[in-house]
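The values are calculated or read from the model by the stated rules, or taken from the named source; none is laboratory data. Keep in mind it's a predicted model, so treat the numbers as computed, not measured. Virtual Cβ from ideal backbone geometry, glycine too; neighbours counted across all protein chains shown.
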Amino acid sequence: MAFVIAEPCVDVKDTACVKVCPVDCIYDLEGENQLYIHPTECIDCGACQPECPVQAIFPLSDVPAQWASYIEKNAKAFEGREIHASATGGGSDGVAAPAAPNELDAIRKLLEQVSAKKLAPEAALEQVVPALKKLGIHVG
Ligand code: SF4
Ligand code: SF4
């Protein structure tokens, strides 16, 4: 799952969404007339959606039918491109590390369970700390 940027962004590209994305997964790719969200780096936090002045950003399951092609467009925009290192732990060779989004996804799911009171914060912490370590973030 990821968020998707659709047609309203075309030729607008004001980058309001980029400023709030916690994992830097919204890209202004060279030669493109809109921004794109990386389909595996996005952690589905939803922070970008309310920032867009033209309502161009949608969760995958909510993309309006007339812009369904933008789901594939967002994914294809990254094919064959070297993505610069991002906050998700991109490698020094300039290609995003594939493991990092999985760790972030796991952390997000744990936090969701805590906020839904399905998991004790202490139990979540035991799993979050090793996941953070894998991302190079050492806690305590
Ligand atoms: S949903 Fe969150 S992680 Fe995904 S692009 Fe928007 S701000 Fe970035
Ligand atoms: S905030 Fe909306 S219009 Fe601006 S760059 Fe992001 S998706 Fe495009």
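Details
- Residues being at pLDDT below 80 and surrounded by 12 or more Cβ atoms within 10 Å (Cβ to Cβ) - total across region 75-90: 7
- Test: residue in region 69-87 that is within 9 Å of ligand 2 (Cβ to nearest atom) and either in contact (Cβ under 8 Å) with a residue 24 or more places away in the chain or within 14 Å of the chain's Cα centre (by Cα) (or both): no
- Odd one out for G46 among (1) of a type outside the set (V, I, T); (2) within 6 Å of ligand 1 (Cβ to nearest atom); (3) on the phi < 0 side of the Ramachandran plot: (3)
- Looking only at residues in region 45-74 that are among the aliphatic types (A, V, I, L, M) and in a loop (DSSP other than H, G, I, E, B), the one that is surrounded by the most Cβ atoms within 10 Å (Cβ to Cβ) is A56.
Yes/no matrix, rows are residues, columns are (1) within 14 Å of ligand 1 (Cβ to nearest atom); (2) in the same structural domain as D105 (by TED's automatic domain parsing); (3) in contact with an Asp or Glu (Cβ under 9 Å, 6 or more places away or on another chain); (4) among the acidic types (D, E):
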{"residue": "V23", "(1), (2), (3), (4)": "yes, no, yes, no"}
{"residue": "D28", "(1), (2), (3), (4)": "yes, no, no, yes"}
{"residue": "E32", "(1), (2), (3), (4)": "no, no, no, yes"}
{"residue": "L35", "(1), (2), (3), (4)": "yes, no, yes, no"}
{"residue": "C52", "(1), (2), (3), (4)": "yes, no, yes, no"}
{"residue": "P64", "(1), (2), (3), (4)": "no, no, no, no"}
{"residue": "E72", "(1), (2), (3), (4)": "no, no, no, yes"}
{"residue": "R81", "(1), (2), (3), (4)": "no, no, yes, no"}
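- Of all residues in region 1-23 being more than 13 Å from ligand 2 (Cβ to nearest atom) and surrounded by fewer than 16 Cβ atoms within 10 Å (Cβ to Cβ), the one that is farthest from A68 (Cα to Cα): P22
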